[in-house]
1. For the range B:426-448, which residues satisfy the criterion of being free of Cβ contacts under 8 Å to residues at least 24 places away in the same chain and of a type in the set (G, A, S)?
2. How about the range D:410-435: which of its residues are within 9 Å of chain B (Cβ to nearest Cβ) and of a type in the set (S, T, N, Q)?
3. Please state which one of B:S362, B:S308, B:S380 is among the polar types (S, T, N, Q) and either closer than 13 Å to B:Q272 by Cβ or at pLDDT below 85 (or both).
4. Looking only at the range B:103-133, which residues are within 8 Å of another protein chain (Cβ to nearest Cβ), in contact (Cβ under 8 Å) with a residue 24 or more places away in the chain and in contact with a Phe, Trp or Tyr (Cβ under 6 Å, 6 or more places away or on another chain)?
5. Test B:G13 against the criterion of being crowded, with 24+ Cβ neighbours inside 10 Å and part of a helix (DSSP H, G or I), and give yes or no.
6. Residue under question is D:G371, and the condition is that it be in contact with a Ser or Thr (Cβ under 6 Å, 6 or more places away or on another chain), touching a residue at least 60 places away in the same chain (Cβ under 8 Å) and in a helix (DSSP H, G or I); does it hold?
7. Can you pull out every residue in the range D:347-404 that is of a type in the set (F, W, Y), more than 11 Å from every other protein chain (Cβ to nearest Cβ) and within 20 Å of D:Q315 (Cα to Cα)?
8. Being touching a helix residue (DSSP H, G or I) at 6+ places or on another chain (Cβ under 9 Å), free of Cβ contacts under 8 Å to residues at least 24 places away in the same chain and acidic (D, E) is true for just one of B:E93, B:E45, B:E59, B:E3. Which residue is that?
Amino acid sequence: MTTILADLNYWVTVFLLVGGLYIVVAHGNMIKKLVGLSIFQTSVYLLFISPGKVLGGTAPIIAEGFDVYSNPLPHVLILTAIVVGVATIALGLALVVRIHKSYGTIEEDELHDLESDA
Amino acid sequence: MIEFPPGLILILGALPVPFLRGPVRTIWMLALPVAAFVLLYSLPEGNHFAISAFGQQLELLRVDGLSKVFGYIFLIAIFLGVIYSLHVRAIEEHVSGLVYSGAAIGAVFAGDLVSLFVYWELTAISSVFLILASRTPEALAAGMRYLIIQVGSGVLLLAGLIMIWHETGSIAFEHIGIESVGGVLILLAFGIKAAFPLLHNWLQDAYPQATPTGTVLLSAFTTKLAIYALARGYAGTEELIWIGAVMAAFPIFFAVIENDLRRVLAYSLNNQLGFMVVGIGIGTELALNGAAAHAFAHIIYKALLFMSMGAVLHRTGTVLASELGGLYKSMPFTTVFCIIGAASISAFPLFSGFISKSMILSAAAHEGHYFVWGVLLFASAGVFHHSGIKIPFFAFFAHDSGKRPKEAPLNMLIAMALASALCIGIGVWPSALYAILPFHVDYVPYTDSHVLSQVQLLFFSALAFTVLMRTGLYPPELRSTNLDSDWLYRRVGRSILQYCVQTVGSMHSGIYDLVVRRCKRFVEQLYRHHGPHGIIARTWPTGSMVLWVAILLVTYLALYFIDIF
Amino acid sequence: MREEQLKPDNAAVPAQKGWLERKENVTKIAWALYVVCAILVLLDFLIHRHAEMGFDGNFGFYGAYGFIGSVFLVLVAKYGLRPIVKRSEDYYDD
Amino acid sequence: MIAAHLPALQVVIPLIAAPLCAILRRGTAAWVIAVAANWLAFAVSIGLLFRVLDEGVISYAMGGWAPPIGIEYRVDLINVFVLLVVSGVGAAIIPFARKGTEARFDSTNQAWFYTMYLLALTGLLGVTITGDAFNIFVFLEISSLASYVMIAMGRDKRALTAAYQYLIMGTVGATFIVIGIGLLWAMTGTLNLYDLAQRIPDIENTRPVLAALAFLTVGISLKLALFPLHLWLPNAYAYAPAVTSAFLAGTATKVGIYLLLRFFFTVFGGGGFFLSTPLPEMFLVLSIVAIFAASTVALFQNNVKRMFAYSSVAQIGFITLGISYATETGLTAALVHLMNHAIMKAGIFMLLGCVIYRLASMRIDDMAGIGRKMPFTMAGIVILGLSLIGAPGTSGFISKFWLVLAAMENGQWWLVALIVIASLITMLYVGRLVEAAYFREPSEKAKNVREAPLAMLIPAYVLVAATIYLGLDTTWSAGLAQDAAASLLSAAY
């Protein structure tokens, strides 16, 4: 039990990862797929951030009285990753809007039928 | 002095042809072989033109007796071919003809296996257009089969040369022999192009499908290039004697019952190659001289025969023996030229075949190969039968078909006249040809005894033909398809799965039956899955794609972890 | 171009039959051939033959070889090969 | 002075040029900038090549922060080879882009197109040159996002769904890569590739490292479209504008190959580690399946662009086949084919762009008889097609030659036979196009077309010429690749 709790952050990561992927696989709606994708990416943020926390450490700002700091690097990295993620989702949504305009649907199976006819 | 590969003159010279028109094009195309001929004439023996590519030194211009005689005849052949095809409007035929001949000439002067291979493949690729240019579905299919087989030959050559390079560290194209695996592979590659028995059928399959002008060029280069390569790499290999004997004998049976006269010529081409292969297999100076001389003479008279049949095809639209006859009335010149070609291939005294074929026969007798000698003599009689008599007889005489086509176009007649003059010229003055052979010649073809023997042989063959015709025993010309080894891949290959189902399936049952049924469905499923709407080809929903990702991830994880446990 | 090549020949009129097509002429040619063959055999007596292998110097060897070989060739092709390999013209088309 | 900053310039030039295009909003001006930036980038690559040849590996500390803390750009023979391919193919494509985009978009959208193009170029060059694992992810996403947009700009509305699919797949792939990187970072505490390479051998067989390897394998396989993860590729290539197809076919998957080599060989330590995993067998099987399945599918395609897209999947199979040997010859074959295939496939898609420009169709039936109407375009396609088959005298032959050599070294004769059969299948589908173009009567559509403008033909013919040149002189392909392969295997950096 304790081991499971000790690795809690990893379990959450795995849960988000699998859950996100599952949504991408299982849902035919293009927006829902993007939601799944977003959740899937979130798992990565957690994967990076959590090992950066040093128990008992403080924010990595040099100040008197503290000599244990958390690792600042993951925060920087994940900030970048979040920006990338936002851009991806924005572009994806823009594409969905255009697809809706062109086809009148954003359900993948219907799209598939439409394209087979074309 | 300019030292430049003559083959490249033709290949590069072909490039501007699409942009030239009218007489300028005619003059240009005729000037190319002439220029190459003059150049070749001036070249002394030795290696003259090397480039480095693929990290190797490639010798593109190795001039010696053997390469020179093949170079000359190839240039003569393309010159005649260009004249013969001047009336053709389709540019791609002219271009591919020139490139094809240039590649064959380039291959002859290649001093190393890599450049030989490059030219080898180029002849395959450039010549297929001469077949495709017929623009019929049959020609398309035959052309594709031809291409696959020819390219396959090149691939074998490549595999062999890599092995030899590995073993010896040299890519020089000298005597190869069949002692190493690489040598056997290369022999196989040469054998495909030389139409060895059972590897031969592309020839009878493809040549009759080419355009009237295309066949003339095809008959000259591909197989004779292989003969040259065999003479260079496998002279004196005893197996070749037997292969050649079989080659000389078996196609004539097919030729007798074949109705398509161009296919008859293709079979007789095959048979003539057999003589040359025997000569190479014997490998003495006389035999090799004979093989080279026979190749030289053969290219001209075989081209002449194909030219005459091409003229018939051009004018009447058919070369089926059952549809022709009586054409001598309206095509007298073509008839005469055809008879000259027929006399040459039959080796009548005073015609070119006589002075070259007899060298090979003499060499066989000298070396004590009596059985082979007998086979070749039989083949000589047979040649007379199907090429000497059958071709002119059924096309121009026999029963009158009622067809009254115009005489062949002027350019065709000129080409045929030139070829005829060469056939007779070589037959009457053999010393000119003997002078350019690779080895010194002290062979005298015209002795009383030899002339008499040959004339007896031929006249009694003619007697046999006459007797068989008059007694009604000669097989009638029937419209038919005659099976040959191509049946193996055109029919057996296709029905092998169904066959499995029928025979094996009836013997066994249960599980085995299931397996076989699966096999049968495989072909249908290939299209179902790979065809435009097949499962592998169609647009997949994103979800299933991602599912694949997940499956693969799990697979990899499992594989890695299994490893450490 | 096409129409002239298919112009029907009025073969019914005997006068238009070529010299070569008349039966008596064909017979003449055949007889000429028989005579030439006979002369050729007889020449064997006159011309000295240097036989390379012994057996080829025998009287009439080449003539007999050519005749028998040709008959063999044609008959084997007709009765041996053709029944095996002959198929209808559109055999490969289906 | 400039020579010292070449590694930075390689990425910075297109990166700065991209927003300039966006700001100018004028098609012509943007095009001029794009051409200038791409050609400069090519020049920089050449400069880098000569520096690497002269002085060996170049290490460049970005912003003056010394590695491993700061981001390091590290140029060695392997990535300079790929940089050369990417910027070189781009340099040929970008002049070609003018006519096609002008015909389709208004001035503003043209400017956007060039912006996206430059961003994609930046990303691909960045991925290749950087020595920092996380930096790879960032550049990868820059290039991917830009390429999604470039695909979506295709004239067929199916381009939109193709772009969407690619977006989902690409993001999943990139995220997998970043998960792999994260796991490696958690285990070693460094993101510098060369630092990682020092530390990984000690912990090579721990589970997180192996999990990282699995994530990286799948993520990168997605990016380089290794069967069965190729499914996004055919539609993306088929419905994108010609410029995009040419650019992506020539560069994007090739950078994927580079990543594969870099991670498996440099980071995980030479050929030894690679051979100790099940990867060689896995790659061998997947490559063969890719070659045959994709070639067979290509055979039945009616859309010529889609046909060549599937052919790309098959050709990638040839590259990964070379990698699966993990021998010097095998890797050389892979690198040589990487370069040769980039050039020929980019050329083919450009020439197909010429056809679309005149004919407005990619159906093989509509292309009937086009050989007479567009002789130069089709002649180019035939030459490149021959190269694809592996005909001697073209660069494709060199690729096949090395591949066969590698197979023989391993004594796998059956594989030589398979390679030959695959070439024959290639010949069949190229032959189908040739047959339609030259031996059929012109279709209704083809009757009125004429030859493509020189502005499109000349750039394409540069690549045709390169294909022939590289078929004759292999100093710059096999010569470089051999050294690069040797350094990959020894994991010397």
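1. Within the range B:426-448, B:S431, B:A432, B:A435 meet the criteria.
2. D:S423
3. On the way: B:S362 fails: either closer than 13 Å to B:Q272 by Cβ or at pLDDT below 85 (or both); B:S308 fails: either closer than 13 Å to B:Q272 by Cβ or at pLDDT below 85 (or both).
Within the list B:S362, B:S308, B:S380, the selection yields B:S380.
4. None; the set is empty.
5. no
6. On the way: in contact with a Ser or Thr (Cβ under 6 Å, 6 or more places away or on another chain): no; touching a residue at least 60 places away in the same chain (Cβ under 8 Å): yes; in a helix (DSSP H, G or I): yes.
Judged against the criteria, D:G371 is not a match.
7. Selection gives D:F349 alone.
8. Details: B:E93 fails: free of Cβ contacts under 8 Å to residues at least 24 places away in the same chain; B:E59 fails: free of Cβ contacts under 8 Å to residues at least 24 places away in the same chain; B:E3 fails: free of Cβ contacts under 8 Å to residues at least 24 places away in the same chain.
Selected residue: B:E45, the only one of B:E93, B:E45, B:E59, B:E3 that is touching a helix residue (DSSP H, G or I) at 6+ places or on another chain (Cβ under 9 Å), free of Cβ contacts under 8 Å to residues at least 24 places away in the same chain and acidic (D, E).
The values are calculated or read from the model by the stated rules, or taken from the named source; none is laboratory data. Remember, predicted model here, so these are calculated numbers, not experimental data. Here the Cβ is made from the backbone with ideal geometry for all residues, glycine too, and neighbour counts use every protein chain on show.
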